[in-house]
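Worksheet: one structure, shown below.
The values are calculated or read from the model by the stated rules, or taken from the named source; none is laboratory data. As the structure is a prediction and not an experimental result, all values here were calculated from the model. Here the Cβ is made from the backbone with ideal geometry for all residues, glycine too, and neighbour counts use every protein chain on show.
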Ligand code: SAJ
């Protein structure tokens with residue numbers, strides 16, 4: 001099957017790079033988003049998210065004449081849905097005394113609904129948004145069939161998970177193996193034909209529900225593996241062991257690869273997706289649930305660490321370095337660093353946060369610094385929450401001349417205790433403790 005024109009619905013971290021990449025590979029692409037600010041920004045030649053290289057690709061796509069923007073889908077050969085699937089903020093499910101999160105599928109529902117009036121025989125619709133198992137067949141397919149056309153006979157439907165790593169999106173989009181799950185083998189084949197436009201790696205055809213499960217298993221595995229690393233860091237502190245040294249040594253085993261502990265797991269993927277499996281079958285997913293509990297409790301663990309380092313928090317001035325959910329990105333969604341900052345504030349600390357990738361960040365009740373110096377100048381302690389390259393490269397003597405603080409707390413193992421000590425600081429590291437403490 002060949003494609004001339006496609007609609008990409010949802011111009012976020014996945015939809016925008018995907019749409020722009022299709023356009024630079026010769027397809028006519030209509031980028032659809034319901035947010036007028038996003039459309040305005042793109043039409044003015046700018047982009048609304050930070051992703052290395054993305055602004056250039058979007059500019060090229062627009063200049064080629066292949067990429068335009070709209071608030072609604074229109075007739076096309078294929079429709080790609082890449083809208084957010086967060087969890088619901090205020091509603092929980094409950095099983096056996098365990099409260100679990102519920103997926104908010106309203107954006108997928110309304111994107112599928114918006115395609116209906118434009119759906120024609122021979123079209124292809126692909127869902128890319130991470131979704132609970134069976135979403136493609138049980139939710140998306142019936143909505144599309146309200147057009148009067150029959151999925152599988154009159155048009156093709158696929159689920160194909162995006163698996164790109166924020167910070168590496170443009171490269172991984174083309175180089176990662178692509179899994180395309182069809183509701184029929186012909187649908188999967190049509191999906192392969194579309195992705196072949198830019199994917200250089202292998203494209204593997206399967207059924208739609210398997211493709212959904214693949215995505216959920218990948219991110220859940222990572223969450224569970226980070227949870228065990230976080231639990232190891234708690235145990236190491238209890239026993240007076242440096243968890244970073246212990247992990248480094250354990251990872252010398254040929255079949256062991258322990259991930260890194262830290263202030264918690266954030267972002268719109270790994271801290272969210274495991275809930276889709278728990279929601280779908282809570283009675284079968286106690287380990288996944290428990291890993292989520294461990295990772296969600298990690299910011300509280302950081303607070304205990306800070307107290308252990310500088311005593312009661314009330315009126316202590318703390319510079320929090322980093323708010324993003326992980327290094328070298330500007331994304332604050334579900335960020336554990338932001339959660340730590342809120343908890344410090346609740347406990348009476350006077351926190352100033354500095355996020356070099358988002359100096360205009362807005363966190364309710366939190367003082368956001370406009371520069372590193374204004375954040376660290378007059379504080380009692382520096383608290384490192386994100387392993388941004390720029391922070392990692394701090395030169396302790398240089399920092400010593402710019403701050404009154406003589407205590408630094410490193411939650412991400414970015415700094416060398418000896419170097420900071422030589423510059424006059426006392427350095428505390430999460431997962432490496434001098435004093436035994438009790439966590440709850
Ligand atoms: N983290 C740790 N310790 C680690 C690794 C990560 O605490 O050893 C934390 C990070 O700081 C961050 C969170 O976990 O808060 C998630 O970061 P990440 O880099 O592991 O993953 P994401 O969310 O940026 O991207 C993931 C990727 N999935 C996998 O690696 C299995 C990516 O390939 C997916 O496309 C993406 O989720 C997605 O969109 O689902």
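Structural remarks
- Here the stretch 321-355 is the region considered, the condition is being in a loop (DSSP other than H, G, I, E, B) and surrounded by fewer than 20 Cβ atoms within 10 Å (Cβ to Cβ), and the residue that is farthest from the ligand (Cβ to nearest atom) is 348.
- Hits in the stretch 289-301 (condition: surrounded by fewer than 22 Cβ atoms within 10 Å (Cβ to Cβ) and farther than 22 Å from residue 166 by Cβ): 289, 290, 293, 294, 297, 300
Every residue, every condition in (1) touching a residue at least 12 places away in the same chain (Cβ under 8 Å); (2) more than 26 Å from residue 277 (Cβ to Cβ), yes or no:
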| position | (1), (2) |
| --- | --- |
| 207 | yes, no |
| 211 | yes, no |
| 214 | yes, no |
| 225 | yes, no |
| 231 | yes, no |
| 237 | yes, yes |
| 243 | yes, yes |
| 252 | no, yes |
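- For the stretch 202-215, filtering for residues that are under 23 Å from the mean Cα position of the chain (by Cα) and either outside any helix (DSSP H, G or I) or within 15 Å of residue 165 (Cα to Cα) (or both) leaves 1.
- Residues within the stretch 408-427 that are closer than 25 Å to residue 357 by Cβ and either part of a strand (DSSP E or B) or in contact (Cβ under 8 Å) with a residue 12 or more places away in the chain (or both), tallied: 12
- Residue in the stretch 255-285 that is farthest from residue 338 (Cα to Cα), counting only those that are free of Cβ contacts under 8 Å to residues at least 60 places away in the same chain and surrounded by fewer than 20 Cβ atoms within 10 Å (Cβ to Cβ): 255
- If the condition is being more than 20 Å from residue 124 (Cβ to Cβ) and surrounded by 21 or more Cβ atoms within 10 Å (Cβ to Cβ), then the stretch 144-186 contributes 166, 169.
- The stretch 98-121, subset in a loop (DSSP other than H, G, I, E, B) and out of contact with any helix residue (DSSP H, G or I) (no Cβ under 9 Å at 6 or more places or on another chain), residue surrounded by the fewest Cβ atoms within 10 Å (Cβ to Cβ): 121
- In the stretch 408-426, the residues that are buried (at least 20 other Cβ atoms within 10 Å of the Cβ) and under 17 Å from residue 317 (Cβ atoms): 408, 409, 425
- Enumeration of residues in the stretch 73-90 that are within 26 Å of the chain's Cα centre (by Cα) and either modelled with pLDDT of 95 or more or within 23 Å of residue 170 (Cβ to Cβ) (or both): 79, 80, 81, 82, 83, 84, 85
- When the criteria are applied in full, residue 305 meets the requirement of being crowded, with 19+ Cβ neighbours inside 10 Å and away from the ligand (no atom under 14 Å from the Cβ).
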